Amino acid sequence: MSSPNTRLMPVTATISSEDHLLIGGLDTVELAERFGTPLWVMDYQTIVQAVSACRDGLAAGFLEAGNGSRGAGGAGSGSAAGASVLYAGKAFTCLAMGRIVRRLGLGLDVVSEGELFTALRAGVDPETIFLHGNNKSDSELERALLAGPVTVVVDGVGELERLDRLASRLERKARILVRVTPGVEPDTHDHIKTGQADSKFGVPLADVPNFVRRCLSMPETIAFRGLHAHIGSQSHDIEPYLRIVDILADLALRLKEMGVEVEMLDLGGGLGIAYTEKDRPLPLYTWARELSAAAVMAFASRKLTMPHLLLEPGRSIIGPAGVTIYRAGDTKEFLSGVRYVSLDGGMADNPRPATYNALYTARIASRMSAIGTDDVTTLVGRYCESGDIIIKDAGIPVRTGDLVAIFATGAYNYSMSSNYNRTGRPACVLVDDSKAELILRRETLEDLICQDRVPDWLTDD
Ligand code: PLP
């Protein structure tokens with residue numbers, strides 16, 4: 001089973017006889033001409049294969065651990081009988097992505113009213129939606145309660161009390177998981193760690209029994225379903241996850257002694273992907289298989305019923321599907337040997353390099369074989385920050401006018417993008433089977449001023 005998160009390029013990426021990059025059967029040079037640049041290209045088949053890898057891994061883990069019946073999921077159901085894949089929408093969400101989630105039978109993890117609204121508008125079944133966030137507003141909680149049986153992943157006692165009050169007023173009962181801070185750190189950048197003991201996310205491990213007691217005191221409004229933990233993002237290592245499995249199984253045992261059954265066990269997302277040739281992420285299939293096998297064994301060894309297992313991959317589903325196509329502008333060469341090539345996008349459409357020194361890989365979309373001849377080329381963005389550098393020493397001899405493809409930009413590019421310097425966001429096209437469809441239209445100059453208001457007193461001269 002191939003796992004797209006180990007590849008730099010989308011699964012359909014090929015090189016034409018003219019040395020052009022093709023994705024989904026389409027020439028990216030033609031896509032750039034048709035839709036303009038910068039352009040986000042999303043490959044549907046990469047998403048499909050990533051979902052299959054995760055789902056098949058879950059089922060294999062159940063089988064391996066001797067719990068085959070629970071692991072056997074129907075094709076297209078989005079879940080093994082004892083497990084579900086929730087796509088973490090924060091990685092990339094829009095209406096078309098919501099339809100893909102629905103079509104592939106995935107669940108969805110949302111972190112804001114905007115993501116929830118988008119999901120519901122796209123027709124995602126509320127029953128499969130999980131609402132996260134460390135500071136959910138009343139309005140977000142209300143929307144979740146009114147939408148139907150959305151599960152709220154509660155981040156602390158304060159939120160629980162508010163949810164109780166809101167549910168009581170709206171005469172609803174909230175299904176909840178508690179987000180546990182397990183005190184486990186993954187091997188990743190500080191800004192994307194979330195599992196450490198002093199994290200802003202979740203309820204400290206030692207406080208969870210009391211938190212659950214509080215839930216039980218709210219029988220009219222709160223239905224406690226289980227435990228959630230997410231340790232961080234872009235992790236390459238299985239060890240921290242296996243520690244979490246044991247920590248949560250111990251916690252489930254403690255809750256069982258209090259008479260409380262853990263029906264759902266959500267191990268979060270965070271699996272890394274390959275951004276450069278040097279990256280060796282754990283394959284998505286292996287990650288899902290090892291986690292499901294470990295969870296089944298951890299619960300069996302404590303004589304606990306295995307809860308329904310949830311995984312929340314975002315980056316490893318959508319990251320490898322995305323490629324950004326930029327047009328190279330002016331170049332500058334210095335006596336020191338430094339050579340800058342300016343692209344027509346940058347930190348507003350991909351803030352990751354400036355935010356946490358994220359690395360990427362580039363090729364020239366119309367001369368794919370041109371690599372390694374000029375490793376002093378630094379690809380810089382067009383924004384007014386010296387830190388707007390997309391790739392240092394990109395290793396490709398880019399000339400003005402070339403189209404530059406940057407790989408693995410499907411996750412946390414559009415979703416973290418901005419209108420910095422009053423530039424519009426790029427368009428995004430979904431490609432499959434030699435067809436390209438616009439799923440996000442390019443923002444226009446009119447879009448940029450559509451929220452602006454001018455006070456009357458500034459218009460009277
Ligand atoms: N689940 C939770 C609670 C998260 O906070 C995140 C990311 O921050 C994810 C899942 C998805 O992580 P990733 O995209 O790295 O798989």
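Which of rounded, prolate, oblate describes segment 79-139, given a ≥ b ≥ c as roots of the alpha-carbon gyration tensor eigenvalues and a/c under 1.5 marking rounded, otherwise prolate only if a/b is larger than b/c? Oblate, because a/c is 1.5 or more while a/b does not exceed b/c. Between ARG165 and LEU335, what's the calculated FRET efficiency when r is the beta-carbon distance and R0 is 60 Å? Round to 0.05. Computed FRET efficiency for ARG165 and LEU335: 0.35.
Considering only beta bridges that DSSP places wholly inside the chain, some 45 percent are antiparallel.
Restricting attention to the chain, lysine pairs at least eight places apart or on different chains and with alpha-carbon atoms under 27 angstrom apart total 16. Output the 0 to 90 degree angle, nearest 10, between the alpha-carbon long axis of helix 239-257 and the longest principal axis computed from the alpha carbons of the chain. Once rounded, the angle reads 20 degrees.
Farthest toward the positive end of the dipole of segment 362-418, out of MET368, PHE407, GLY395, is the Cα of MET368, where the dipole comes from beta carbon charges about the Cα centre.
Within segment 351-383, name every residue whose backbone N is under 15 Å away from a label modeled 7 Å from Cα of ASP393 along the Cβ vector. Hits in segment 351-383 for ASP393 at 15 Å: 359-362, 372-379. When only the Cβ of Lys, Arg, Asp and Glu is charged (+1, +1, -1, -1), the dipole of the chain relative to its Cα centre reaches about 1020 debye. Extending 7 Å from the Cα toward the beta-carbon at both THR14 and LEU359 defines two label points whose distance is 3.1 nm. Can you bin segment 319-422 into rounded, prolate or oblate? Criterion: square roots of the alpha carbon gyration tensor eigenvalues sorted a ≥ b ≥ c, rounded for a/c under 1.5, prolate for a/b above b/c, oblate for the rest. Judged from the Cα gyration tensor, segment 319-422 comes out oblate (a/c at least 1.5, b/c at or above a/b). Each Cα pair under 8 Å and six or more residues apart adds its sequence gap; the mean of these over the residue count of the chain is a relative contact order of 20 percent. The convex hull built on the alpha-carbon positions of the chain has an orientation-averaged projected area of 25.3 nm².
Sequentially through segment 291-304, phi angles give Karplus couplings (6.51, -1.76, 1.60; θ = phi - 60°) of 5, 5, 4, 5, 5, 4, 5, 5, 6, 5, 5, 9, 6, 10 Hz, Gly and Pro residues having no value and appearing as x. For ILE231, the amide hydrogen comes within under 5 Å of the amide hydrogens of GLY269, counting only partners 5 or more places away or on other chains and with H modelled in the peptide plane.
Taking amide H atoms as placed 1.01 Å from N in the peptide plane, the amide H of TYR87 lies under 5 Å from those of GLY107, LEU108, ASP109, each 5 or more residues away in sequence or on another chain. Quick check: net charge around ILE15, other residues with Cβ under 12 Å of its Cβ, Lys/Arg +1 and Asp/Glu -1? My count for the surroundings of ILE15 gives -1. Since only GLN49, MET264, GLY123 are under comparison, the one whose Cα sits farthest along the positive direction of the charge dipole of the chain, derived from C-beta charges on Lys, Arg, Asp and Glu, is MET264.
Residue order for ILE244, ILE23, ILE317, fewest other beta carbons within 10 angstrom first, comes to ILE244, ILE23, ILE317. Distances between placed amide hydrogens fall under 5 Å for LEU310 paired with SER84, LEU265, ASP266, LEU267, all partners being 5 or more residues away or on another chain. Taking GluC sites (Glu not before Pro) across segment 242-298, the ones in a DSSP loop with at most 14 further Cβ atoms lying within 10 angstrom of their Cβ are GLU261, GLU277. If you line up the long axis of helix 138-147 against the longest principal axis of the chain, both from Cα atoms, how many degrees apart are they, to the nearest 10? Roughly 80 degrees, rounded to the nearest 10. The alpha-carbon atoms of segment 398-461 define a convex hull whose volume equals 169 cubic angstrom per residue. Which angle between 0 and 90 degrees, to the nearest 10, do you get for helix 157-170 versus the longest principal axis of the chain when only C-alpha atoms count? Tilt relative to the chain: about 80 degrees. Compared with the alpha-carbon gap, the fully stretched path from ARG441 to ARG254 is longer by 62.2 nm at 0.36 nm per residue.
The fewest-to-most ranking of LEU265, LEU304 by surrounding Cβ atoms within 10 Å reads LEU304, LEU265. Computed 3J(HN,Hα) for segment 362-372, one whole-Hz value per residue from the Karplus formula 6.51 cos²θ - 1.76 cosθ + 1.60 where θ = phi - 60°, is 10, 9, 8, 4, 9, 9, 4, 7, 7, 9, x, glycine and proline marked x.
Extending 7 Å from the Cα toward the beta-carbon at both ASP237 and THR400 defines two label points whose distance is 4.8 nm. What you get for segment 370-410, charging only the Cβ of Lys and Arg (+1) and of Asp and Glu (-1), is a dipole of about 100 debye around the Cα centre.
Assuming charge only on the beta carbon of Lys and Arg (+1) and of Asp and Glu (-1), the dipole of segment 306-456 about its Cα centre is about 240 debye to the nearest 20. Each label point was placed 7 Å from the Cα along the Cα-to-Cβ direction; for ILE371 and SER418 their separation is 3.3 nm. In segment 207-283, which trypsin sites (Lys or Arg not before Pro) fall in coil by DSSP and have 12 or fewer other Cβ atoms within 10 Å? Passing sites in segment 207-283 are LYS278. In terms of other Cβ atoms within 10 Å, ILE238, ILE231 run from fewest to most in the order ILE238, ILE231. Which one of THR151, PRO281, VAL212 is farthest out on the positive end of the charge dipole of the chain, using unit charges on Cβ (Lys, Arg +1; Asp, Glu -1) and the Cα centre as origin? Result: VAL212, furthest along the dipole toward the positive end. Run the Debye formula on the Cα coordinates of segment 206-345, all scatterers equal and no solvent, and tell me log10 I(q)/I(0) at q = 0.18 1/Å. Taking Cα atoms of segment 206-345 as identical point scatterers yields -1.03.
Where a number appears in this text, it was derived from the coordinates with a stated rule and is not lab data. Everything numeric in this text was worked out from a predicted model, so none of it was measured. FYI the Cβ positions are ideal-geometry reconstructions off the backbone, even for glycines, and counts take in every protein chain you see.
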